[in-house]
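The values are calculated or read from the model by the stated rules, or taken from the named source; none is laboratory data. On a predicted model such as this, the values are computed, not experimentally measured, just so you know. Don't worry about glycine lacking a Cβ; one is built from the backbone with ideal geometry, like all the others, and counts go over all protein chains shown.
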Amino acid sequence: MFDFNCDCAQEYGVYKNEQELKTAEFMSSINIAAGFHAGDPLSIKKAMEFAKEHNVSIGAHIGYQDIQGFGSRKVELTDEEIETTVLYQIGAIASFAQAMGLEIEHVRLHGAMKNELNENIDFAKKVACAVKKFNPWLNLFVNNPETKEILEKETGIKCAYEVNFEDYGTIRQIRELEVKPDTLHFKDLESAKRASEVLKPTPVNYNRVGGQI
């Protein structure tokens, strides 16, 4: 089985996105935006309340500090800035979770930061070490199986291999992959509905990563 995940709390002030929580009704995990690319305290709280009510796994959805560009623009950071950027955002989501008697299970990067994670192994190692420093049991979502293998071997962090769900063809393609994904990412409500007709999701956690299928 696969974990289903989607991004939530990608709102800011007057800019709302009601579609996200509707999509989240079909998920087993949600990634809650931590405030750098999107997300504010009220939207984070609302997503956390949804997670508690629906008993879904919670992740911190982190990105570059780029509200205006929705985290789509690369930001050059020093090693110290990479670490503090990661720790600050995970901490924001973890504090809300703690206040509601919940725990976060994973970290998913956004936009340009996610691209850098999967394309630049040195950057990926720095992110992984920061995540591990916060909590060694957290999963780091990656879209590159080679990155997953290297990070797990060289940093000791747990990684979940993520594939984007596009249509039913995604499932056929997955079955042909040598390395099977742990989690499927959904960007819209209709895709989530279609997938739920043929698959029942199960959440990723540190006990099950690598054994979802």
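When region 176-201 is filtered for residues that are part of a helix (DSSP H, G or I), in contact (Cβ under 8 Å) with a residue 60 or more places away in the chain and acidic (Asp, Glu), nothing remains. Within region 80-119, being in a helix (DSSP H, G or I) and among the charged types (D, E, K, R) holds for Glu80, Glu81, Glu83, Lys114, Glu116, Glu119. Among the residues of region 139-156, count how many are surrounded by fewer than 24 Cβ atoms within 10 Å (Cβ to Cβ), closer than 25 Å to Phe4 by Cβ and not polar (S, T, N, Q). Count: 4. Residues in region 157-173 that are closer than 18 Å to Thr147 by Cα and either surrounded by 15 or more Cβ atoms within 10 Å (Cβ to Cβ) or hydroxyl-bearing (Ser, Thr, Tyr) (or both): Ile157, Lys158, Cys159, Ala160, Tyr161, Glu162, Val163. A search for C-beta distances below 7 Å between a residue of region 1-24 that is among the aliphatic types (A, V, I, L, M) and crowded, with 24+ Cβ neighbours inside 10 Å and any residue that is part of a strand (DSSP E or B) and at pLDDT 95 or above, counting only pairs 6+ apart in sequence or on different chains, returns Ala9/Ile32; Ala9/Ala33; Ala24/Cys6; Ala24/Cys8; Ala24/Ile30. Residues in region 34-49 that are surrounded by 20 or more Cβ atoms within 10 Å (Cβ to Cβ) and not polar (S, T, N, Q): Ala34, Gly35, Phe36, His37, Ala38, Gly39, Ile44, Ala47, Met48.
Checked against the criterion of being acidic (Asp, Glu) and not in a loop (DSSP other than H, G, I, E, B), the candidates Glu162, Glu166 yield just one match: Glu162. If you scan region 10-33, which residues turn out to be at pLDDT 95 or above and closer than 17 Å to Ala92 by Cβ? Within region 10-33, Ile30, Asn31, Ile32, Ala33 meet the criteria.
Can you tell me which residue is nearest to Asn31 (Cα to Cα) among those in region 63-102 that are among the charged types (D, E, K, R) and at pLDDT 95 or above? Checking each candidate, the answer is Glu83. Just to be sure, is Gly59 among the small types (Gly, Ala, Ser) and over 17 Å from the mean Cα position of the chain (by Cα)? Considered against the rule, which asks whether it is among the small types (Gly, Ala, Ser) and over 17 Å from the mean Cα position of the chain (by Cα), Gly59 comes out as no. Reported count of residues in region 30-79, each being closer than 15 Å to Leu109 by Cα, in a strand (DSSP E or B) and either out of contact with any Lys or Arg (no Cβ under 7 Å at 6 or more places or on another chain) or among the hydroxyl-bearing types (Ser, Thr, Tyr) (or both), is 6.
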